[in-house]
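Remarks on the structure that follows.
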Amino acid sequence: MSKIEESVEVAVPVSVAYNQWTQFEEFPRFMDGVERIEQRTSTLTHWVTKIGGVTREFDAEITEQIPDERVAWTTVAGEARQAGVVTFHRLDDQHTKVMLQLEHDPEGIADTVGDKLGFVRRQATGDLERFKKFIESRGTETGAWRGQV
């Protein structure tokens, strides 16, 4: 199991950053390789990814969700095995630190080599930077889900 920790500071209030992160179907707008996400229930999402020409589908379950604090998940079915948490830290009224902690289990030789070469870490860093650009350019979230899991 590979472990990754990355973070980014965004120039929006913590509630805006958190609210946007709860809009899973919007992830393809800033996550490279994510083709589609379907929110099937309040805690279940279906992902379709295409990375390095390889398409994978999997389901992820939200295991914990606390407004303005954290969203945690784990895969429950499909062609990927991972678990993670994104936490939101108020820096001041207009700035938030978004921290990603991810555990990823590479599948097969290509995934293992890519992981060892830092591909997954670079992907996570790039996704957070694209999230920063996305939310800062908008200044507001595309929606929100304030429920607790």
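The values are calculated or read from the model by the stated rules, or taken from the named source; none is laboratory data. Since the structure is predicted, the reported quantities are computational estimates derived from the model, not experimental observations. Please note: Cβ atoms are built from the backbone with ideal geometry, for glycine as well, and neighbour counts cover all protein chains shown. For the accessible areas, the whole protein counts, side chains as well, though only heavy atoms, and no ligand, DNA or RNA atoms are used. Shrake-Rupley method; radii C 1.70, N 1.55, O 1.52, S 1.80 Å.
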Please go through (1) open to solvent by 40 Å² or more (accessible area, probe 1.4 Å); (2) in a helix (DSSP H, G or I) for Ala17 and return the number of the only condition it doesn't satisfy. (1)
Report the residue count in the range 96-118 for those that are aliphatic (A, V, I, L, M) and at pLDDT 80 or above. 4
Among the residues of the range 102-125, write down those that are in contact (Cβ under 8 Å) with a residue 60 or more places away in the chain, open to solvent by less than 70 Å² (accessible area, probe 1.4 Å) and more than 22 Å from Glu57 (Cβ to Cβ). Thr125
Go through the range 45-57 and count every residue that is at pLDDT 95 or above and more than 14 Å from the chain's Cα centre (by Cα). 1
If you check Thr125, Thr112, Thr96, Thr140, which single one turns out to be among the hydroxyl-bearing types (Ser, Thr, Tyr) and assigned to a loop (DSSP other than H, G, I, E, B)? Thr140
Residue satisfying condition, being outside any loop (DSSP other than H, G, I, E, B) and either charged (D, E, K, R) or without any contact (Cβ under 8 Å) to a residue 60 or more places away in the chain (or both), within set Ala72, Ala80: Ala72
Scanning the range 30-63 for residues that are exposed (fewer than 14 other Cβ atoms within 10 Å of the Cβ) and of a type outside the set (Val, Ile, Thr) gives Asp32, Arg36, Glu38, Arg40, Ser42, Lys50, Gly52, Gly53
Pairs where the first residue, in the range 31-43, is under 18 Å from Thr74 (Cα atoms) and the second is open to solvent by 70 Å² or more (accessible area, probe 1.4 Å) and assigned to a strand (DSSP E or B), C-beta under 7 Å, 6+ apart: Thr43/Glu61
